[in-house]
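Just so it is clear, none of the values below were taken in a lab; they were calculated from the coordinates. It should be emphasised that the depicted structure is a prediction, and the values quoted were computed from it without experimental measurement.
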Amino acid sequence: MDTAAEEKRASAALRLKKAQQTAKERAEAMNEYSTEADMRRTKSAKLKALRLAQEAEDLIVSNAEAAKKAAAKKPAAKKTLIKKATVKKPAAKKPAAKKPAVKKAAKAVEE
């Protein structure tokens, strides 16, 4: 009977050793998976930051180009001084001198 008990103990020890080995492999696999996941997250965050920076730069450039186009459409301010138009008041009218023909007609009417 000693051999049967020894076989059971050996079998139990073998199962224990196998379970420990499996647990160790699982822990290593999980550690590797976590490390790779962290690396993926880090890389994704870095790529996202680069993408956002590029989008911001593109937006700035497009706004600058739009401003240049808008400025090109508007006429440039003239550097020469423009004289202001002054409105002259009409001079008081003087009685016009009568023309000789009108004078003659006026005399004939008066006579």
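Provide, for q = 0.22, 0.24, 0.25 Å⁻¹, the log10 of I(q)/I(0) from a solvent-free Debye sum over equal Cα point scatterers in segment 1-72. Values returned for q = 0.22, 0.24, 0.25 Å⁻¹ are -0.94, -0.99, -1.01. Here's the list of aspartates and glutamates a cross-link from LYS46 could span, going by alpha-carbon distance under 17 Å and ignoring same-chain residues fewer than 8 apart: GLU36, ASP38, GLU55, GLU57. Using a cut-off of 13 Å between alpha-carbon atoms, which aspartates and glutamates can reach LYS17, once sequence neighbours fewer than 8 places away in the same chain are excluded? Counting by Cα, and skipping residues close in sequence, LYS17 has these aspartates and glutamates nearby: GLU25.
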